[in-house]
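Q: Submitted below is the structure of interest, expressed as structure tokens.
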Ligand code: QUE
């Protein structure tokens, strides 16, 4: 398999000792996933699943800036505007199938996360057995900013985080540091960025157990001072009630959080709220199926085209949403 990887391969696949090593390799696009990469991941994971020489799979992102910043959302927008629904169906059904394959992987699947890990990057890490985050990592599900919703199995993961943390993170898109991601449950180990090369070598030599030797002590959870308010405000029964609770809270944190929510697509806050509440009672497979149904409708909503325009294409960060 790929004995001579080329620098242009969007996914580099290599065997190193006991591990199979996958590198997401579109650093200029922050390793955002396109359909070619999704297909390469699916093929590689299937090949290594039953290969007794591969004891564990390790996935990393090329470059310093990102593990994986999301999906090729611009291509999804183009397909929706052109009426190419089959492209949208292929992209999301194959991406979600990779998320499910990672969740059901019969050997250790280990993500080493530096830099941005958002959206699709969460889907390539959080379902694996071991997620190592460094101090340079930033985790987020920022989809309400582009009028999408937390997908890639996040409707299964977020409702299972402590208290109402998942509803808070999914609606506001708040970024977590690597250490905070361990506190929240996105990551399992906190490792120094400078130790990643040594960790990779140790994994190749000793397999998955090597991770424990590199884990550092966690600093305090930076959201600890707000955990009670998060549960009070985000445990409400509707977006309107969450906004009212944030107003009643009367703290600087609540004011900032309300201001963040008011910038998001009102439609996407509603469908995010509904699918996260429903996800608490669904299996991962049911969650992915529900996400696939919803994403095909959302991709055609005018707020989605406008959100991607404002945040990804023009970067003016001033989307004009449809009225609530
Ligand atoms: C919100 C999002 C995304 C985003 C920006 C947001 C998102 C996403 C990308 C992205 C990042 C790098 C790329 C790319 C897209 O940006 O989901 O093509 O190269 O994938 O504010 O949800």
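Q: Within the stretch 44-70, take every residue that is within 26 Å of residue 86 (Cα to Cα) and touching a strand residue (DSSP E or B) at 6+ places or on another chain (Cβ under 9 Å) and give me the one that is surrounded by the most Cβ atoms within 10 Å (Cβ to Cβ). Spell out the reasoning first.
A: Taking the stretch 44-70 first, the residues within 26 Å of residue 86 (Cα to Cα) are 44-46, 68-70.
When the remaining residues are screened for being touching a strand residue (DSSP E or B) at 6+ places or on another chain (Cβ under 9 Å), the result is 44-45, 68-70.
Values: 44: 19, 45: 19, 68: 29, 69: 25, 70: 27.
Restricting to residues being within 26 Å of residue 86 (Cα to Cα) and touching a strand residue (DSSP E or B) at 6+ places or on another chain (Cβ under 9 Å), the top hit is 68.
Q: Something else: Could you list, in sequence order, all residues of the stretch 298-314 that are surrounded by fewer than 18 Cβ atoms within 10 Å (Cβ to Cβ) and either touching a strand residue (DSSP E or B) at 6+ places or on another chain (Cβ under 9 Å) or not in a helix (DSSP H, G or I) (or both)?
A: The answer is 300, 314.
Q: Right, next: Among the strands (runs of 3 or more DSSP E) confined wholly to the stretch 12-69, which include 2 or more residues that are more than 17 Å from residue 91 (Cα to Cα) and within 16 Å of the ligand (Cβ to nearest atom)? Reasoning before the result, please.
A: Values: elements: 19-24, 56-61, 66-68.
Qualifying strands (runs of 3 or more DSSP E): 66-68.
Q: Collect the residues in the stretch 79-88 that are part of a helix (DSSP H, G or I) and surrounded by fewer than 15 Cβ atoms within 10 Å (Cβ to Cβ), keeping them in residue-number order. Steps first, answer last, please.
A: The initial filter retains those residues of the stretch 79-88 that are part of a helix (DSSP H, G or I), namely 79-82, 85-88.
Of everything in the stretch 79-88, those that are part of a helix (DSSP H, G or I) and surrounded by fewer than 15 Cβ atoms within 10 Å (Cβ to Cβ) turn out to be 81, 82, 85, 86.
Q: So for the stretch 213-226 (the condition being within 16 Å of the ligand (Cβ to nearest atom) and modelled with pLDDT of 95 or more), does at least one residue qualify? Explain how you work it out, then say what you get.
A: Taking the stretch 213-226 as the starting set, the residues that turn out to be within 16 Å of the ligand (Cβ to nearest atom) are none.
Checking the stretch 213-226: not a single residue is within 16 Å of the ligand (Cβ to nearest atom) and modelled with pLDDT of 95 or more.
Q: A further question on this structure: Across the stretch 113-151, what is the number of residues that are out of contact with any strand residue (DSSP E or B) (no Cβ under 8 Å at 6 or more places or on another chain), farther than 22 Å from residue 260 by Cα and within 12 Å of the ligand (Cβ to nearest atom)?
A: 1
Q: Look at residue 193 and say whether it is modelled with pLDDT of 95 or more and within 27 Å of residue 17 (Cα to Cα). Please lay out each step first, then the result.
A: Working: modelled with pLDDT of 95 or more: yes; within 27 Å of residue 17 (Cα to Cα): yes.
Yes; evaluated as a whole, the condition is true for this residue.
Q: Right, residue 275: buried (at least 18 other Cβ atoms within 10 Å of the Cβ) and farther than 30 Å from residue 82 by Cα or not? Let's see the steps before the verdict.
A: Values: buried (at least 18 other Cβ atoms within 10 Å of the Cβ): yes; farther than 30 Å from residue 82 by Cα: no.
No; evaluated as a whole, the condition is false for this residue.
Q: In addition: Do we have any residue at all in the stretch 63-70 that's touching a residue at least 40 places away in the same chain (Cβ under 8 Å) and under 17 Å from residue 39 (Cα atoms)? Full working, then the answer.
A: First, pick out the residues of the stretch 63-70 that are touching a residue at least 40 places away in the same chain (Cβ under 8 Å): 63-70.
In the following step, the residues that additionally are under 17 Å from residue 39 (Cα atoms) were identified as 68, 70.
Yes.
Q: Something else about it: I'm trying to understand the selection: among the residues of the stretch 216-240, which are closer than 13 Å to residue 169 by Cα and part of a loop (DSSP other than H, G, I, E, B)?
A: First pass over the stretch 216-240, keeping only residues closer than 13 Å to residue 169 by Cα: 223, 226-227, 230-231, 233-235.
Within the stretch 216-240, 223, 235 meet the criteria.
The values are calculated or read from the model by the stated rules, or taken from the named source; none is laboratory data. All values reported here derive from a predicted model rather than from experimental measurement. Using ideal geometry, Cβ is built from the backbone for each residue, glycine included, and neighbour counts are taken over all protein chains shown.
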